[in-house]
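Have a look at the structure below before the remarks.
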Amino acid sequence: MSGEAKRSAPNPAREPTGEGAPAHVAIIMDGNGRWAAQRGLPRFEGHRRGVEAIRRAVRTAGDLGIRYLTVYSFSAENWRRPAQEVSDLMGLLKRFVRHDLADLHASNIRVRIIGEREALAADIRLLLDEAEQLTRANTGLTLVIAFNYGGRQEIVQAMRSLARQVQAGTLDPAAIDVATVEGALDTHGIPDPDLVIRTSGEQRISNFLTWQTAYSEFIFIPTYWPDFDDATFRAAIEEYNRRERRFGGLSVRAG
Ligand code: IPE
Ligand code: IPE
Ligand code: MG
């Protein structure tokens, strides 16, 4: 299968991709706590080093010509953690946006946030809005930050929105199709992830992009997130490029 055929997935990116690079890579950044525990450090230190790994991943994604990079930063279920850790994670997001927004903008990166924003503190909501507004016309990499994100919660919100349109008489239930649902998700306009990478050795999806990963390739790597570097990222892309995606069709390799 040629690289071109590989990219003509049902939901392709609208802009050209770097040679051999998937259009959209989504990462479940896991293992910050274990990285810290291994070194006798507090979990916070793992999260802090995890932010540096995000900066590296953004740079590598840009170098590889990836169009969309989604990072799972805080799940809808992460509220179950101790209040101090939740507050640390909120603080790190704030610091990341405050400190990095100007650089991201200067690098022509467009920032999109997915997840339930209403439940967040007002100052965080403002920062997230500002990040999206400032960078909305940028044409380089789109960095999608999944924050207070849950795939099931996102689908529930989409269903509510469609139900309201049906109730208002502006949507015919018989006209609802895959594209209608996609248009009601937080990820509207973003192509489905071609590749999902999860670090730390866990092999599960943890409520990430439930709808969007229907035909994604998955790569699970043992590395803890703070150690994720350029070489690890490139090795994952190489593995992705050896895969054959069929989307329900027949193998073109077998002929
Ligand atoms: C990922 O690392 C960061 C978040 C989930 C916010 P973890 O904090 O889950 O680290 P482990 O899985 O406990 O090692
Ligand atoms: C998934 O990691 C969420 C993020 C990486 C933000 P978790 O560490 O929360 O997932 P589980 O609980 O091990 O499934
Ligand atoms: Mg974890």
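The values are calculated or read from the model by the stated rules, or taken from the named source; none is laboratory data. These numbers come from a predicted model, not from an experiment. As a convention, Cβ positions derive from the backbone with ideal geometry for all residues, glycine included, and neighbour counts pool all protein chains shown. Please note that ligands, DNA and RNA were not included when accessible areas were found on the heavy atoms of the full protein model with its side chains. Shrake-Rupley method; radii C 1.70, N 1.55, O 1.52, S 1.80 Å.
Cut-off 16 Å, label point 7 angstrom out along Cα-to-Cβ of GLU116: give me the residues of segment 175-214 whose amide nitrogen falls inside.
Flagged as within label range: 186, 207-210.
Between rounded, prolate and oblate, where does segment 107-255 land on the alpha carbon gyration tensor, with a ≥ b ≥ c its root eigenvalues, rounded for a/c under 1.5, else prolate if a/b exceeds b/c?
Oblate.
By how many nm would the segment from ARG80 to THR139 grow when fully extended, if each residue of separation counts as 0.36 nm and the alpha-carbon distance is taken off?
17.5 nm
Report the equivalent ellipsoid semi-axes for the chain in whole Å, largest first, defined as the square roots of five times the eigenvalues of the gyration tensor built from alpha carbon atoms.
28, 25, 18
Could you sort ASP194, ASP123 by their accessible area in this structure, using a 1.4 Å probe and putting the largest first?
Accessible-area ranking of ASP194, ASP123, largest first: ASP123, ASP194.
Once amide H atoms are built 1.01 Å from N in the peptide plane, which residues 5 or more positions from PHE208, or in another chain, come under 5 Å H to H?
Placed amide hydrogens put GLY151 under 5 Å from PHE208.
Starting from 0.36 nm per residue, how many nanometres of slack lie between GLU130 and ARG55 once their C-alpha separation is accounted for?
Contour length minus Cα-Cα distance gives 25.1 nm.
If amide hydrogens are placed 1.01 Å from N in the peptide plane, which non-local residues have theirs closer than 5 Å to the one on VAL111?
Answer set, sorted by chain and number: THR135, LEU143.
If I model a spin label at SER206 and SER251 as a point 7 Å from the Cα along the Cα→Cβ vector, what separation in nanometres do I get?
Using points 7 Å along Cα→Cβ, the separation is 3.4 nm.
Would you mind checking which residues have amide H under 5 Å from ASP30's amide H? H placed 1.01 Å from N; only 5 or more apart, or other chain.
Answer set, sorted by chain and number: THR199, TRP225.
When ligands, DNA and RNA are left out and all protein chains stay put, how many square angstrom of accessible area per residue does the chain have with a 1.4 Å probe?
That works out to 50 Å² for each residue.
Can you give the net charge of the other residues whose Cβ lies under 13 Å from the Cβ of GLU52, counting K and R as +1 and D and E as -1?
Neighbourhood net charge equals +1.
Which of rounded, prolate, oblate describes segment 27-132, given a ≥ b ≥ c as roots of the alpha-carbon gyration tensor eigenvalues and a/c under 1.5 marking rounded, otherwise prolate only if a/b is larger than b/c?
Judged from the Cα gyration tensor, segment 27-132 comes out oblate (a/c at least 1.5, b/c at or above a/b).
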